[in-house]
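Trainee: Below you'll find the structure I mean.
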């Protein structure tokens with residue numbers, strides 16, 4: 001059997017590729033477990049700074065949960081972490097490289113990445129209403145989209161094109177499919193060159209701002225950055241600027 005998740009390292013960038021193209025990368029147990037293990041390894045690798053979540057195949061990024069498997073198992077109400085929540089299992093930045101349709105749980109994967117680059121042919125849809133299922137995981141969309149757009153996506157189950165997703169702020173860039181991975185790698189490499197402690201704290205800051213009120217988030221952010229300001233990297237940055245050389249980050 002082929003590996004459910006392909007792993008490629010390009011310097012400080014880790015590319016994790018969903019590898020069930022004949023099944024539209026539907027999230028069966030093997031693929032879900034493969035995603036969790038791949039991100040666990042990514043977290044443990046001190047040299048890996050940014051991950052890209054990509055997919056094999058020409059038309060589908062991920063069709064969501066494997067409904068055939070769910071029917072066979074008689075699974076009625078999946079647990080909250082049934083599909084790996086990327087934003088909670090990674091403390092490092094993750095970029096979704098969406099090559100085609102991101103449906104249901106595939107939408108969830110793209111939603112839970114920190115950044116998203118989409119191919120021109122890509123689309124995004126929460127299709128649960130077609131099959132009598134549900135999308136409780138869609139709550140964070142309330143911070144990402146206007147209410148009526150969120151309503152439209154959830155109530156119609158109709159796809160949103162890559163171009164419209166870009167206009168709505170759901171994706172960061174739309175590129176020809178042939179340029180998708182290179183664009184994602186270029187963005188990831190740009191991030192990976194920066195101070196890693198600051199990058200991870202900034203990432204967490206964004207989530208804090210969405211989860212808490214302004215005053216509470218400001219207090220939490222001040223506490224969050226105490227570790228950053230006390231780090232060796234915080235001293236290295238100004239030193240490198242003074243010496244007119246690129247900083248050498250140690251992540252501590």
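Trainee: Once fully extended, how much extra length lies between residue 239 and residue 37, figured as 0.36 nm per residue of separation less the alpha-carbon to alpha-carbon distance? Mind showing how you got there, number by number?
Mentor: On the way: separation 202, 0.36 × 202 = 72.72 nm, distance 3.82 nm.
Extra length from residue 239 to residue 37 when fully extended: 68.9 nm.
Trainee: Computed FRET efficiency, Cβ-Cβ of residue 182 and residue 226, R0 45 Å: what is it to the nearest 0.05? Mind showing how you got there, number by number?
Mentor: Details: r = 38 Å, r/R0 = 0.84.
Efficiency, rounded to the nearest 0.05: 0.75.
Trainee: Using a simple spin-label model with points 7 Å from Cα along the Cα→Cβ vector, what separation in nm is obtained for residue 149 and residue 207?
Mentor: Taking the simple label geometry, residue 149 and residue 207 are separated by 2.3 nm.
Trainee: Provide the FRET efficiency to the nearest 0.05 for the residue 76-residue 164 pair, computing r from the beta carbons and using R0 = 45 Å. Could you put the intermediate results ahead of the total?
Mentor: Numbers: r = 33 Å, r/R0 = 0.74.
Taking R0 as 45 Å, the efficiency between residue 76 and residue 164 is 0.85.
Trainee: For the range 1-142, what proportion of DSSP beta bridges, expressed in % and rounded to the nearest 5, is antiparallel? It would help to have the intermediate numbers written out before the result.
Mentor: Working: 6 of 25 bridges.
If we restrict to bridges inside the range 1-142, about 25 percent are antiparallel.
Trainee: Which value, in Å³ per residue, describes the convex hull spanned by the Cα atoms of the chain? If you can, show how the numbers build up before the last one.
Mentor: Numbers: hull volume 35.0 nm³, N = 252.
Per residue, the Cα convex hull of the chain comes to 139 Å³.
Trainee: Under 10 Å, Cα contacts only: if you run a Gaussian network model on the chain, which one of 161, 231, 91 comes out with the highest mean-square fluctuation?
Mentor: Maximum fluctuation in the GNM of the chain, among the listed residues, is at 231.
Trainee: Take 17, 156, 183, 214 and order them by how many other Cβ atoms sit within 10 Å, fewest up front.
Mentor: Details: 17 22, 156 14, 183 19, 214 8.
Ranked by crowding around the Cβ, least crowded first: 214, 156, 183, 17.
Trainee: Something else: Which value in deg cm²/dmol, rounded to the nearest 500, describes the helix-derived mean residue ellipticity at 222 nm for the chain, given -39,500 (n - 2.57) per DSSP H run of n ≥ 4 and division by the residue count?
Mentor: Numbers: 12 runs with 116 residues, N = 252.
My calculation for the chain gives -13500 deg cm²/dmol from helical runs alone.
Trainee: Please report the antiparallel percentage of DSSP beta bridges with both residues in the chain, rounded to the nearest 5.
Mentor: Details: 8 of 30 bridges.
About 25 percent, rounded to the nearest 5.
Trainee: Can you work out the FRET efficiency for the pair residue 7 and residue 59, with r the C-beta to C-beta distance and R0 = 22 Å, to the nearest 0.05? Walk me through the numbers on the way to the answer.
Mentor: Values: r = 23 Å, r/R0 = 1.05.
E(calc), rounded to 0.05, equals 0.45.
Trainee: Same structure again: What base-10 log of the normalised intensity I(q)/I(0) is obtained for the range 152-252 from the Debye formula, alpha carbons as equal point scatterers, at q = 0.24 Å⁻¹?
Mentor: Log10 I(q)/I(0), no solvent term: -1.15.
Each reported figure results from applying straightforward, stated rules to the coordinates on display, with no laboratory input. Computed from a prediction, not measured in an experiment: that's the story for all the values here. Glycine gets a Cβ as well: all are built from the backbone with ideal geometry, and neighbour counts include every protein chain shown.
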